[in-house]
Amino acid sequence: MIKPESIAVIKATVPVLQEHGEALTRLFYQRMFENNPEVKVFFNQAHQHAGSQQRALAAAVCAYAENIDNPAVLADAVELIAQKHASLGIQPEHYPIVGQNLLAAIKELLGEAATDAIIDAWAEAYQALATIFIEREQAIYQQHETQHGWQGFKAFKVINSPQESDNIRSFYLQPEDGSTIVAHQPGQYITVKVDNGNGQQLRNYSLSNLPGSDAYRISVKRESSGESTQPHGVVSSFLHEHINDGDTIWLGPPCGEFVLRSNSDTPVVLIAGGVGITPLLAMLHQRVSSEAPAATTLIQAAVNGDAHAFADEIRSLTSAHPQLSWHVRYSEPSEEDRQQGSFDSEGLIDDELVSNLDTAADYYLCGPVAMMKQCYQLLTQAGIPAEKIFSEAFGPAQSLQS
């Protein structure tokens, strides 16, 4: 428990965090990567370069300070972060590194205003939070060992790697030791560890196939920053260019809290943008394989037919399962798309598209953050309760309500 006087001090720093949170987190990451370069492997440098990781951490630190006297309201955020940490293999010995650099960043940012009372209070608060994460992550590791038979990273062989669209390629993966894969929860991701010649790299990729299949399937979008000054997708480019059938890559067990939680009698609406189809496709397979009597609706948004992944696979599912409906929306269809009639409507997802959806359904969103924010706003305006809307962002977590 954090002492009451420390809680009061933390609360008093909230206005400073609200104004200078990003400056603090930028300074923190700069210090940590200089002082402890061994932890750099755990961070996506493209997110660092873009500033999204700094913004996400600033929001998390501010939320913790605001709710320091009632941390239970942050339970969902803690679980999301703990799952992410466990997917990367974060261990208890990493927490003092973060703590030391965070406190040093606070001292540097505040200067003479960084009194002993402020530093001591934040040290106490950080240790309390670190203990929560360490305990939860150790429980996840034990769960991995019990349910999946391993923790850490294990060798898998690529048995097939088809191209799904102009920029998405799937990789079907089986354990090299011949062991059986235990079913993941639809919506979960696994961590890929590769060495691209510049050291080990870790990335999370959603599992896109039916849980309980004889192979894991990840479907990787080849990321491009679009700017010469920013790094392209280091791992996605490596997978697309250098990994072939028969090659070995190392995987961590399935992680993630964005999972299908609706019962079979509840209608479900899945809204996917681009490569955001991947976790939702696993949910779709789970719904039809369990013969859920309630309707399942998939709205799939893509730029055009070249970027539209899994069209044949989903078409086959809709043909075989009458309770499944599928709407395809292209934002920039080509003339060939128009001639072939390969989409149902044109433009961005708007109120007209969502206005006739079932208000009793559970909603699952995955795609670009701007798209998900738009969908969240449209759904809540249409009367969908916020607690029935679930989402996953690829990259640092962001609120859809802002």
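Values quoted throughout were computed directly from the atomic coordinates according to the rules given, and no laboratory measurement underlies them. This structure is a prediction, so every number in the text was calculated from the model and none was measured. Every residue, glycine as well, gets a Cβ built from its backbone with ideal geometry; the counts of neighbours run over all protein chains shown.
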One finds, for residue 159 and residue 41 with R0 = 25 angstrom and r their Cβ-Cβ distance, a FRET efficiency to the nearest 0.05 of 0.35
If I model a spin label as a point 7 Å beyond the Cα along the Cα-Cβ vector, how far apart are those points for residue 115 and residue 348 in nm? 4.7 nm
Starting from the Cα of residue 154, draw a straight line to each of the aspartates and glutamates and keep only those under 19 Å, dropping any in the same chain fewer than 8 residues away. 137, 145, 176, 177, 195, 214, 245, 247
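Give me the percent of Cα-Cα pairs in the range 106-260 that sit more than 18 Å apart, rounded to a whole number.
Tail of the P(r) past 18 Å holds 66 percent of the pairs.
Just subtract the alpha-carbon distance of residue 315 and residue 108 from 0.36 nm times their residue separation and send over the number in nm, one decimal.
Working: separation 207, 0.36 × 207 = 74.52 nm, distance 5.73 nm.
Full extension of this stretch gives 68.8 nm more.
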Taking a threshold of 32 Å on the Cα-Cα distance, which of the pairs 107/221; 40/373; 40/221; 11/193 fall above it? 107/221; 11/193
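Most exposed first by the Cβ proxy, i.e. fewest other Cβ within 10 Å, how do 283, 1, 371 rank?
Final ranking by Cβ density, sparse to dense: 1, 371, 283.
Summing Lys, Arg as +1 and Asp, Glu as -1, what charge do residues with Cβ under 12 Å from the Cβ of residue 155 carry, residue 155 excluded?
Taking every Cβ under 12 Å from that of residue 155, the sum is 0.
Which shape class applies to the range 4-147: rounded if a/c is under 1.5, otherwise prolate when a/b exceeds b/c and oblate if not, where a ≥ b ≥ c are the square roots of the Cα gyration tensor eigenvalues? Please report the intermediate quantities before stating the final value.
Values: a/c = 1.76, a/b = 1.28, b/c = 1.37.
Here the range 4-147 falls in the oblate category.
Just rank 247, 76, fewest to most, by other beta-carbon atoms within 10 angstrom. Display every interim value, and only then the final one.
Values: 247 14, 76 9.
If I rank by nearby Cβ atoms, fewest first, I get 76, 247.
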Have a look at 282, 294, 65 and tell me which one the Gaussian network model of the chain (Cα, springs below 10 Å) gives the largest fluctuation. 294
Test of understanding: in a Gaussian network model of the chain with alpha carbons linked when under 10 Å, which of 202, 110, 348 would top the mean-square fluctuation ranking? 110
Given the -39500 (n - 2.57) contribution per DSSP H run of 4+ residues, what per-residue ellipticity at 222 nm results for the chain, rounded to the nearest 500 deg cm²/dmol? -13500 deg cm²/dmol
Please identify, among 339, 286, 323, the residue showing maximal mean-square fluctuation in a Gaussian network model of the chain using a 10 angstrom Cα cutoff. 339
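Could you tell me what percent of the DSSP beta bridges with both partners in the chain are antiparallel, to the nearest 5? All intermediate terms of the calculation are to be shown ahead of the outcome.
Details: 26 of 50 bridges.
Counting only bridges with both partners in the chain, antiparallel ones make up about 50 percent.
Please compute the net charge surrounding residue 389, taking Lys and Arg as +1 and Asp and Glu as -1 over other residues with Cβ under 14 Å from its Cβ.
Working: positive: 261, 373, 388; negative: 76, 358, 362, 387, 392.
Taking every Cβ under 14 Å from that of residue 389, the sum is -2.
Can you tally the net charge around residue 219? Count Lys and Arg as +1, Asp and Glu as -1, for every other residue whose Cβ sits under 10 Å from the Cβ of residue 219. Numbers along the way, then the final one.
On the way: positive: 169, 217, 221; negative: 164.
Residues near residue 219 contribute +2 overall.
Mind sorting 42, 153 by how few other Cβ atoms lie within 10 Å of their own Cβ, fewest first? Display every interim value, and only then the final one.
Working: 42 13, 153 17.
Lowest count first: 42, 153.
Using alpha-carbon pairs under 8 Å, 6+ residues apart, how would you state the relative contact order of the chain in percent? It would help to have the intermediate numbers written out before the result.
Numbers: 655 pairs, mean separation 55.9, N = 402.
Relative contact order for the chain comes out at 14 percent.
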